[in-house]
1. Has the stretch A:5-18 got any residue that is surrounded by 13 or more Cβ atoms within 10 Å (Cβ to Cβ) and part of a loop (DSSP other than H, G, I, E, B)?
2. For the stretch A:88-105, what are the residues that are more than 14 Å from the chain's Cα centre (by Cα) and modelled with pLDDT of 95 or more?
3. Tell me the strands (runs of 3 or more DSSP E) entirely within the stretch B:24-114 that contain at least 2 residues that are away from chain A (no Cβ under 14 Å).
């Protein structure tokens, strides 16, 4: 299995531009998470999906951020317009379905996208 | 709301020293517990996890952690660290058996001096 795939790995853009980050979860996983990591705030959960449906988006910082999951194998995180304070590493993670009582799974993380907004 | 605290922001050790990183959580119900490691420039990788059973859990690379329910703690230990253990370590808690509400601690940076 290729693991969680994220693209691009690095993105440098100018303030005001639209940025789209992409994630492909592990095949068969039904939950997907977007995190942002910065030195100041550590690892923050932005949003997570279960069976392609957004469950909790309370961590999305503001309306400039939006996330979609059109199918089980693809998700996007969009920032429009981008600002320098959005510079961070954005991680995507996925988990398999919880099938049996007492059975839970860890999150599997992708390699991250390092975003720099100048 | 669930919260996870990690006792130390930055720990500096010499090679062969013993390591213990503290982790405490606030949820009083059933929890699943994890330690992740993030090597410089890399993504988070699972070190070990606790779901049920023996509260002493052994993970990869000689790490272990002990779940003490009465103390709401899940401390990470290694008897002898190596320079290659230099990384950031995150404790995470998942409430209940069906939820997806993972909560990560702020992380502890470990620097091992050769």
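The values are calculated or read from the model by the stated rules, or taken from the named source; none is laboratory data. Please read these numbers as outputs of a predicted model, since none were measured by experiment. Methodologically, a virtual Cβ is constructed for each residue, glycine included, from the backbone with ideal geometry; neighbour enumeration extends over all protein chains shown.
1. Yes, some residue in the stretch A:5-18 is surrounded by 13 or more Cβ atoms within 10 Å (Cβ to Cβ) and part of a loop (DSSP other than H, G, I, E, B).
2. Listed by number, the list is empty, since nothing qualifies.
3. B:56-58, B:64-68, B:73-78, B:108-113
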